[in-house]
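The block underneath contains the structure these notes are about, expressed in C-alpha coordinates.
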Amino acid sequence: MNILGISAGFHDAAATIINRNGDIVFAGHSERYSKKKNDENFSAGLINDIVHYGSEEGIDTIAYYERPLYKQLRQLYSGQGIELDKLSVRKIVEQQLIPLDISGKKIKNYNHHMSHAAAGFQTSPYDRATVVVIDAIGEWDTISIWAAEYVNGQAQYKRLWGQKYPHSIGLFYSAITQKVGLKP
(Lines give C-alpha, C1' and ligand atoms only; values in the text may rest on other atoms or scores of the structure.)
Protein backbone atom coordinates (compact mmCIF):
# COMPACT_ATOMS: atom_id res chain seq x y z
CA MET A 1 0.00 0.00 0.00
CA ASN A 2 1.43 3.42 -0.99
CA ILE A 3 0.30 6.23 1.26
CA LEU A 4 0.00 9.93 0.55
CA GLY A 5 0.02 11.77 3.87
CA ILE A 6 -1.24 15.34 3.75
CA SER A 7 -1.63 18.31 6.04
CA ALA A 8 -3.53 21.18 4.45
CA GLY A 9 -6.22 23.79 4.89
CA PHE A 10 -4.99 25.38 8.12
CA HIS A 11 -1.27 26.23 7.99
CA ASP A 12 1.90 24.71 6.58
CA ALA A 13 0.41 22.51 3.85
CA ALA A 14 2.66 19.50 3.32
CA ALA A 15 2.68 16.09 1.67
CA THR A 16 4.62 12.86 2.07
CA ILE A 17 4.52 9.70 -0.01
CA ILE A 18 5.44 6.45 1.74
CA ASN A 19 5.93 3.27 -0.29
CA ARG A 20 4.94 -0.32 0.52
CA ASN A 21 8.22 -0.85 2.41
CA GLY A 22 7.60 2.13 4.69
CA ASP A 23 10.26 4.26 2.97
CA ILE A 24 9.68 7.97 2.42
CA VAL A 25 9.68 8.47 -1.35
CA PHE A 26 8.84 12.17 -1.29
CA ALA A 27 8.20 14.92 1.25
CA GLY A 28 7.52 18.59 0.60
CA HIS A 29 6.06 21.75 2.12
CA SER A 30 3.91 24.03 -0.01
CA GLU A 31 5.73 27.15 1.19
CA ARG A 32 8.94 25.86 -0.45
CA TYR A 33 7.14 25.98 -3.80
CA SER A 34 4.92 29.04 -3.40
CA LYS A 35 7.42 31.11 -1.34
CA LYS A 36 4.48 32.08 0.90
CA LYS A 37 5.36 31.54 4.58
CA ASN A 38 2.99 29.06 6.30
CA ASP A 39 1.11 28.47 3.03
CA GLU A 40 -2.07 26.63 4.00
CA ASN A 41 -2.94 25.37 0.51
CA PHE A 42 -1.21 23.00 -1.87
CA SER A 43 0.70 24.88 -4.54
CA ALA A 44 0.80 23.71 -8.17
CA GLY A 45 4.48 22.76 -7.84
CA LEU A 46 3.82 20.55 -4.83
CA ILE A 47 0.93 18.82 -6.61
CA ASN A 48 3.15 18.25 -9.67
CA ASP A 49 5.77 16.56 -7.48
CA ILE A 50 3.10 14.42 -5.78
CA VAL A 51 1.99 13.27 -9.25
CA HIS A 52 5.60 12.66 -10.33
CA TYR A 53 6.71 10.68 -7.26
CA GLY A 54 3.37 8.93 -6.75
CA SER A 55 2.86 7.79 -10.30
CA GLU A 56 5.36 4.90 -10.37
CA GLU A 57 3.46 2.58 -8.05
CA GLY A 58 0.32 4.65 -7.58
CA ILE A 59 -1.27 5.83 -4.35
CA ASP A 60 -3.76 3.58 -2.57
CA THR A 61 -4.46 5.56 0.59
CA ILE A 62 -4.59 9.22 1.58
CA ALA A 63 -3.90 9.94 5.25
CA TYR A 64 -4.96 13.22 6.86
CA TYR A 65 -3.44 14.64 10.07
CA GLU A 66 -6.59 15.39 12.06
CA ARG A 67 -10.27 14.63 12.51
CA PRO A 68 -12.10 17.61 10.96
CA LEU A 69 -15.45 16.98 12.64
CA TYR A 70 -13.87 17.10 16.13
CA LYS A 71 -12.03 20.30 15.21
CA GLN A 72 -15.21 21.92 13.90
CA LEU A 73 -17.12 20.97 17.06
CA ARG A 74 -14.37 22.56 19.19
CA GLN A 75 -14.46 25.69 17.01
CA LEU A 76 -18.24 25.88 17.45
CA TYR A 77 -17.85 25.46 21.23
CA SER A 78 -15.25 28.26 21.35
CA GLY A 79 -17.45 30.65 19.34
CA GLN A 80 -15.41 30.47 16.12
CA GLY A 81 -18.24 28.98 14.10
CA ILE A 82 -18.15 26.09 11.66
CA GLU A 83 -16.50 26.03 8.26
CA LEU A 84 -18.90 23.89 6.24
CA ASP A 85 -16.29 23.24 3.55
CA LYS A 86 -14.01 21.66 6.18
CA LEU A 87 -16.39 19.20 7.84
CA SER A 88 -15.11 16.03 6.20
CA VAL A 89 -11.69 14.74 5.21
CA ARG A 90 -12.90 13.84 1.71
CA LYS A 91 -14.13 17.40 1.14
CA ILE A 92 -10.82 18.90 2.34
CA VAL A 93 -8.76 16.46 0.27
CA GLU A 94 -10.85 17.14 -2.85
CA GLN A 95 -10.37 20.91 -2.39
CA GLN A 96 -6.63 20.65 -1.85
CA LEU A 97 -5.87 18.07 -4.53
CA ILE A 98 -8.20 19.41 -7.25
CA PRO A 99 -6.11 18.25 -10.24
CA LEU A 100 -5.73 14.71 -8.83
CA ASP A 101 -8.28 11.95 -9.23
CA ILE A 102 -8.88 10.61 -5.72
CA SER A 103 -11.84 8.39 -6.58
CA GLY A 104 -11.38 4.83 -5.35
CA LYS A 105 -8.69 5.80 -2.88
CA LYS A 106 -9.02 5.04 0.82
CA ILE A 107 -9.03 8.18 2.93
CA LYS A 108 -8.06 7.89 6.59
CA ASN A 109 -7.72 10.50 9.27
CA TYR A 110 -5.88 10.45 12.58
CA ASN A 111 -5.92 12.20 15.93
CA HIS A 112 -4.08 15.54 15.60
CA HIS A 113 -1.86 15.03 18.65
CA MET A 114 -1.10 11.44 17.67
CA SER A 115 0.09 12.82 14.32
CA HIS A 116 2.49 15.13 16.20
CA ALA A 117 3.62 12.22 18.39
CA ALA A 118 4.22 10.05 15.30
CA ALA A 119 6.25 12.79 13.61
CA GLY A 120 8.50 12.97 16.67
CA PHE A 121 8.76 9.26 17.43
CA GLN A 122 9.02 7.81 13.95
CA THR A 123 11.81 10.19 12.95
CA SER A 124 13.80 9.43 16.12
CA PRO A 125 16.36 6.63 16.58
CA TYR A 126 14.39 5.07 19.46
CA ASP A 127 12.33 1.85 19.56
CA ARG A 128 10.34 2.99 22.61
CA ALA A 129 9.59 6.47 23.89
CA THR A 130 7.29 8.66 25.89
CA VAL A 131 6.20 11.56 23.69
CA VAL A 132 4.91 14.87 25.04
CA VAL A 133 2.91 17.06 22.65
CA ILE A 134 2.28 20.69 23.60
CA ASP A 135 0.18 22.52 21.07
CA ALA A 136 -2.00 25.61 21.04
CA ILE A 137 -4.93 23.39 20.11
CA GLY A 138 -5.42 20.15 18.24
CA GLU A 139 -9.03 19.13 17.91
CA TRP A 140 -9.70 19.28 21.69
CA ASP A 141 -6.31 18.42 23.21
CA THR A 142 -3.79 21.13 24.04
CA ILE A 143 -1.26 18.84 25.76
CA SER A 144 -0.99 15.08 25.49
CA ILE A 145 1.41 12.36 26.58
CA TRP A 146 1.85 9.18 24.55
CA ALA A 147 3.61 5.86 25.01
CA ALA A 148 5.12 4.88 21.67
CA GLU A 149 6.86 1.67 20.62
CA TYR A 150 7.45 -0.55 17.64
CA VAL A 151 5.63 -3.88 17.73
CA ASN A 152 6.52 -6.25 14.86
CA GLY A 153 7.89 -3.29 12.92
CA GLN A 154 4.73 -1.17 13.31
CA ALA A 155 4.60 1.95 15.46
CA GLN A 156 1.99 1.68 18.20
CA TYR A 157 0.68 4.58 20.30
CA LYS A 158 -1.18 4.68 23.58
CA ARG A 159 -2.51 7.98 24.90
CA LEU A 160 -1.50 8.22 28.56
CA TRP A 161 -2.82 11.66 29.47
CA GLY A 162 -4.22 14.82 27.94
CA GLN A 163 -5.30 18.35 28.77
CA LYS A 164 -8.35 19.68 26.95
CA TYR A 165 -9.25 23.10 25.57
CA PRO A 166 -9.61 25.83 26.90
CA HIS A 167 -6.59 25.10 29.15
CA SER A 168 -3.62 25.69 26.84
CA ILE A 169 0.00 26.66 27.39
CA GLY A 170 0.28 27.08 23.62
CA LEU A 171 -2.60 29.58 23.42
CA PHE A 172 -1.11 31.49 26.37
CA TYR A 173 2.27 31.56 24.57
CA SER A 174 0.59 32.78 21.36
CA ALA A 175 -1.28 35.54 23.22
CA ILE A 176 1.88 36.80 24.96
CA THR A 177 3.86 36.62 21.71
CA GLN A 178 1.21 38.68 19.93
CA LYS A 179 0.97 41.15 22.84
CA VAL A 180 4.69 41.97 22.59
CA GLY A 181 4.31 42.63 18.87
CA LEU A 182 5.61 39.38 17.40
CA LYS A 183 3.81 36.95 15.13
CA PRO A 184 2.72 33.87 17.08
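The values are calculated or read from the model by the stated rules, or taken from the named source; none is laboratory data. Computed from a predicted model, the values in this text were never measured in an experiment. Counting neighbours? That spans all protein chains shown, and the Cβs are built from the backbone with ideal geometry, glycine included. Ligands, DNA and RNA are excluded from the accessible area calculation, which covers all protein heavy atoms including side chains. Shrake-Rupley method; radii C 1.70, N 1.55, O 1.52, S 1.80 Å.
Listed values, structure above:
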quantity	calculated
Computed magnitude of the charge dipole of the chain (debye, nearest 20; Cβ of K, R +1, Cβ of D, E -1)	540 debye
Rounded to whole Å, sorted largest first: equivalent-ellipsoid semi-axes of segment 34-154, Cα gyration tensor	25, 23, 14
Relative contact order (%) - criterion: Cα under 8 Å, at least six apart; region: segment 26-131	26 percent
Accessible area per residue, Å², the chain with all protein chains present, probe 1.4 Å	60 Å²
Within a Gaussian network of the chain (alpha carbon springs, distance under 10 Å), most fluctuating of GLU56, GLU139, GLU31	GLU56
Normalised alpha carbon radius of gyration of segment 74-113 [divisor 2.2 N^0.38 Å]	1.41
Computed Rg/Rh of segment 1-85, alpha carbon atoms with Kirkwood Rh	1.05
Exposure of LEU171 as accessible area (Å², to 10), given a probe of 1.4 Å and all protein chains	70 Å²
Simple spin-label estimate for TRP161 and GLN95 in nanometres, 7 Å along Cα-Cβ	3.6 nm
Gain in span if fully extended, LYS36 to TYR77, counting 0.36 nm per residue against the direct Cα distance	11.7 nm
Accessible area, probe 1.4 Å, largest first, for residues TRP161, TRP140	TRP161, TRP140
Where LYS86, LYS91, LYS179, LYS36 fall by accessible area, highest first, once all protein chains stay in place (1.4 Å)	LYS179, LYS36, LYS91, LYS86
Full-extension gain in nm, SER174 to VAL51, via 0.36 nm per residue minus C-alpha separation	40.6 nm
Accessible area (Å², 1.4 Å probe, nearest 10) - PHE26	20 Å²
Computed log₁₀ I(q)/I(0) - Debye formula, equal Cα scatterers, no solvent, segment 93-184, q 0.25 Å⁻¹	-1.11
Alpha-carbon centroid distance for the pair segment 107-184 / segment 19-59, whole angstrom	23 Å
Probe 1.4 Å - accessible area at ARG67, Å² to nearest ten	70 Å²
Carbon plus sulfur fraction of accessible area for the chain, probe 1.4 Å, in percent	54 percent
